[in-house]
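**Student:** Got a structure for you, written out below as structure tokens; questions coming shortly.
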Amino acid sequence: MKKKYMIVGNWKMNKLIEESLGFIKKLAPEITDCDVDVLLAVPFTSIHPTSKAAEKTKIIIGAQNMNDARKGAFTGEIAGIMLEEAGAEFVILGHSERRQIFHETNDFINKKVERALQDDLMPILCIGETKEEKDKNKTEEVLKKQIKECLDKISKEDVENIKIAYEPIWAIGTGETATVVYAEKIHKFIREYLKQLFGKKCADNIYILYGGSVTPENVSILLKQKDIDGVLVGGASLDLESFLEIIKNSVGV
Ligand code: PEP
């Protein structure tokens, strides 16, 4: 049986508090009957106000990054317990923009995953290959390394609380979505590899989301694929109409 779909918006470094609140207030009443999980990764400054505004709605608020330490002298960083206190329920970790622009390594991301679990935040772990790696037929090798190293020392029980987001880097913000055949092939590969590492039950239960130029037009065909359990949406989550359409087009797929 297919899982309940998960639709995650990633606002990145966009929207001030007032705009974030306006979005939540308009979105919430439109999705009360939608049988999908709706999550929004908002900027740090919007976590507290939006999580308050999202109480008693279907919307779950989360963050886009955190540090691996619990507290300490890390100027400019933010701890999981701070996000949790502000009202975040999940955190995106290892997004390709963090890996590429801020040079985050699998080892560092692994430490963040461990800390997020300790701090009761559901990690959404992003993995994905570059265009160059894809062209050199290295996709599977790259994904295996990312999965193995980012999930190092994580127990079977904990792995089931993690969501994996497969985001081919060449498809992020480019308008170039992976074909459904390619996306499903890679999702299946990821699930098989998780099975090798953590067993069948865990591999079956774990959510594997697709991210990369998801739109209202392509979301239902993506979700129809056996191993795609939801989507992570960047650009199209910034606009209320398109995000709402993505959610509505996910219902009953
Ligand atoms: C993302 O940044 O996680 C993403 C999937 O972006 P976009 O939907 O804009 O490709």
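**Student:** With no solvent and one equal point scatterer per Cα, compute the Debye intensity ratio I(q)/I(0) for the stretch 1-45 at 0.24 Å⁻¹ and report its log10, rounded to two decimals.
**Tutor:** -0.92
**Student:** When N counts the residues of the stretch 108-191, how does its alpha-carbon radius of gyration compare numerically with 2.2 N^0.38 Å, as a ratio?
**Tutor:** After normalising by residue count via 2.2 N^0.38 Å, the value is 1.15.
**Student:** In Å, the Kirkwood hydrodynamic radius of the stretch 183-237 over pairs of distinct alpha carbons? Numbers along the way, then the final one.
**Tutor:** Working: mean 1/r = 0.0853 Å⁻¹.
With all distinct Cα pairs of the stretch 183-237 included, I get 11.7 Å.
**Student:** Sticking with this one: Using a 1.4 Å probe on the protein chains only, how many percent of the accessible area of the stretch 184-253 belongs to carbon and sulfur? Can you show the working numbers first?
**Tutor:** Working: 1470 of 2780 Å².
Ligands and nucleic acids excluded, carbon and sulfur reach 53 percent.
**Student:** To continue, here is another question. Starting from the Cα coordinates of the stretch 82-148, work out the convex hull volume and express it per residue in Å³.
**Tutor:** Here the figure is 85 Å³ per residue.
**Student:** Can I ask one more? Given a 10 angstrom Cα cut-off, can you work out which residue in M13, M122, M66 is the most mobile in a GNM of the chain?
**Tutor:** Residue with maximal mean-square fluctuation among M13, M122, M66: M13.
**Student:** Sticking with this structure for a sec: Select from L232, L240, L16 the residue whose mean-square fluctuation is largest in a Gaussian network model of the chain (Cα-Cα springs shorter than 10 Å).
**Tutor:** So, out of L232, L240, L16, the one fluctuating most is L16.
**Student:** Right, here's the next one. For the stretch 1-40 and the stretch 148-223, what is the separation of their C-alpha centers, rounded to whole Å?
**Tutor:** Each part's Cα centre sits 20 Å from the other's.
**Student:** What distance in nm separates the simple spin-label points at E132 and N14, each placed 7 Å from Cα in the Cβ direction?
**Tutor:** With each label point 7 Å from Cα toward Cβ, the separation is 2.8 nm.
**Student:** Would you mind checking the pairs K195/K248; K148/K188; K26/K112; K26/K52 and listing those with alpha carbons more than 25 angstrom apart? Each step should come with its number before you reach the end.
**Tutor:** On the way: K195/K248 32 Å; K148/K188 16 Å; K26/K112 33 Å; K26/K52 15 Å.
In this structure, K195/K248; K26/K112 exceed 25 Å between Cα atoms.
**Student:** Testing the spin-label approximation: label points 7 Å from Cα along Cα→Cβ at K188 and M1. State their distance in nm.
**Tutor:** For K188 paired with M1, the spin-label model returns 2.4 nm.
**Student:** Follow-up question, since we're still on this one. Using a/c under 1.5 as the rounded threshold, could you call the stretch 44-95 rounded, prolate or oblate? The axes a ≥ b ≥ c are square roots of the C-alpha gyration tensor eigenvalues, and prolate needs a/b larger than b/c, oblate otherwise.
**Tutor:** In terms of gyration-tensor shape, prolate.
**Student:** Report, in deg cm²/dmol and to the nearest 500, the calculated mean residue ellipticity at 222 nm for the chain, where each DSSP H run with n ≥ 4 adds -39500 (n - 2.57) and the sum is divided by the residue count.
**Tutor:** Result for the chain: -12500 deg cm²/dmol, rounded to the nearest 500.
**Student:** Which residue fluctuates the most in the chain, going by a Gaussian network model with Cα springs under 10 Å, if the choices are V231, V181, V113?
**Tutor:** Maximum fluctuation in the GNM of the chain, among the listed residues, is at V181.
**Student:** Which of the three applies to the stretch 13-160, rounded, prolate or oblate, going by the alpha-carbon gyration tensor with a ≥ b ≥ c and a/c under 1.5 meaning rounded?
**Tutor:** Prolate.
**Student:** Still on this structure, I have one more. At q = 0.12 Å⁻¹, what base-10 log of I(q)/I(0) does the Debye formula yield for the chain when every alpha carbon is treated as an equal point scatterer in vacuo?
**Tutor:** Computed log10 I(q)/I(0) values: -0.65.
The values are calculated or read from the model by the stated rules, or taken from the named source; none is laboratory data. On a predicted model such as this, the values are computed, not experimentally measured, just so you know. Using ideal geometry, Cβ is built from the backbone for each residue, glycine included, and neighbour counts are taken over all protein chains shown. Remember, those area values only see protein heavy atoms, side chains included, never the ligands or the DNA or RNA. Shrake-Rupley method; radii C 1.70, N 1.55, O 1.52, S 1.80 Å.
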